[in-house]
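For reference, the structure discussed in these notes is given below.
A short reminder: the numbers here are calculations on the coordinates, not readings from a lab. In this text the structure is predicted, and so the values were computed from the model without any measurement. Note: ideal-geometry Cβ built from the backbone for every residue, glycine included; neighbour counts use all protein chains shown.
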Amino acid sequence: MSSAAARVLVAAALSTVPASAHAADFPRKPIRIVTADAGGGSDFVARLIGQGWTAMWGRQVVVDNRGGGTIAGEIVAHAAADGYTLLYYGSTFWLLPLMRKQMPYDAARDFAPVTLAVATPAVLVVHPAVAAKSVRELIALAKARPGQLNYASAAAGTATHLAAELFKSMAGVDFVRVPYKGTGAALNDLLGGQTQLMFAVAASVVPHVKAGRLRALGVTGAQPSAALPDVPAIAAAGVPGYEAVQYSGLFAPTRTPAAIVELLSRAAATVLNRSETRERLYNLGVEVVGSTPAEFAAKIRSEVGVLGNVIRDAGIQAD
């Protein structure tokens, strides 16, 4: 039998045989999902998946919060490759090696992509005192006043920082970055007028936009966000081809059996695509993806290519 025919038979079997028949009746014990800080976006989605799996399989799923940096990745990189210890993280995970010389793991070699779970576009907002009511007007203002507009940014290398640097590159403008330890502090100074603009996830700025404390000019996704349906995509509002979305998803240690990776991928997509889960995320401006492992791997390669150029050109080094 040819290898292609064998793959077809395996795919057919995976689609018809009950999940409990795969890989010695996986799962037979609790599953651990290692992720970032409690209360953040990754933690929220990891818990949604975990709760869904508990209901689906009757097995406990523990979400283990390990903060930012490399701790979570290092734990999973050295875990048994049996599908019981997983990593849930955002795009910083696979971009961090481009911003640090020393890493305790190889993001490409040590992990098997399971599913790209969600996509979270950001929103370009300005303080109301800024004399720009559209992306095009902001670009014109920045070109007339090079180096005079400041943008608030959380830690170096975060998705919103890279969104701003990609915008600068593609729009040909010169904004000055003002770094903060976290999004909260950055947002407070923007609201106070100490900085002029910011790229931020919708959930953190929508209340301020609706209250008139900030003005939203564009979203970083290819389409308008559900959270701000009247705000255009930046690509359609002045920077053709622009897209900067924070992706996050599940990883297993490399060498995890393909049957278990596929099972986990389908199980995660099943949970994420439930109407109640989609609605909860939709209301936060988060889009469900639920990709296959191969699609997730392709997206990572694409991101590393595009944002790798931004990181090198801007000389970005992670904190």
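Quick notes
- Relative contact order computed over the chain (Cα-Cα under 8 Å; 6+ residues apart), in percent: 25
- Considering only beta bridges that DSSP places wholly inside the chain, some 60 percent are antiparallel.
- Nonlocal amide H pairs with residue 233, under 5 Å, H built at 1.01 Å: 219
- Integer Hz, Karplus 6.51/-1.76/1.60 couplings in order for the stretch 271-276, x for Gly and Pro: 5, 5, 8, 5, 4, 5
- Pairwise centroid distance, computed over Cα atoms, of the stretch 63-110 with the stretch 29-45, Å: 13
- Separation in nanometres of the label points that stand 7 Å from Cα toward Cβ, at residue 210 and residue 297: 4.3
- Folded to 0 to 90 degrees: helix 3-16 orientation relative to the chain principal axis, Cα: 90
- Each Lys and Arg adds +1 at its Cβ and each Asp and Glu adds -1 at its Cβ; summed about the Cα centre, the chain shows a dipole of about 140 debye.
- Acute angle (nearest 10 degrees) that the helix 159-171 long axis makes with the longest principal axis of the chain, alpha-carbon atoms: 50
- Per residue Cα convex hull volume in Å³ - calculated over the chain: 137
- The distance between label points at residue 181 and residue 283 comes to 3.2 nm (points 7 Å beyond Cα on the Cα→Cβ vector).
- Of the residues 83, 272, 144, the one whose Cα sits farthest toward the positive end of the charge dipole of the chain, with +1 on the Cβ of Lys and Arg and -1 on the Cβ of Asp and Glu, is 144.
- 3J(HN,Hα) along the stretch 146-155: x, x, 9, 9, 9, 10, 7, 8, 6, 3 Hz, from the Karplus curve 6.51 cos²θ - 1.76 cosθ + 1.60 with θ = phi - 60°, whole Hz, x for Gly and Pro.
- Each residue of the stretch 89-102 was assigned a 3J(HN,Hα) from its phi angle through the Karplus curve 6.51 cos²θ - 1.76 cosθ + 1.60 (θ = phi - 60°); the sequence is 8, x, 5, 4, 4, 8, 9, 4, x, 7, 10, 9, 6, 10 Hz, with glycine and proline shown as x.
- Its Cα gyration tensor gives the stretch 121-237 an equivalent ellipsoid, and the semi-axes of that ellipsoid, as √(5λ) in whole Å with the largest first, are 17, 17, 14.
- Candidate aspartates and glutamates - alpha carbon under 20 Å from residue 29, same-chain residues fewer than 8 apart omitted: 64, 82, 262
- Sequence-distant lysines (8 or more away, or on other chains) whose Cα lies within less than 30 Å of residue 168: 101, 133, 143, 181, 210, 299
- Amide hydrogen neighbours beyond the local backbone of residue 63, cut-off 5 Å, H modeled: 33
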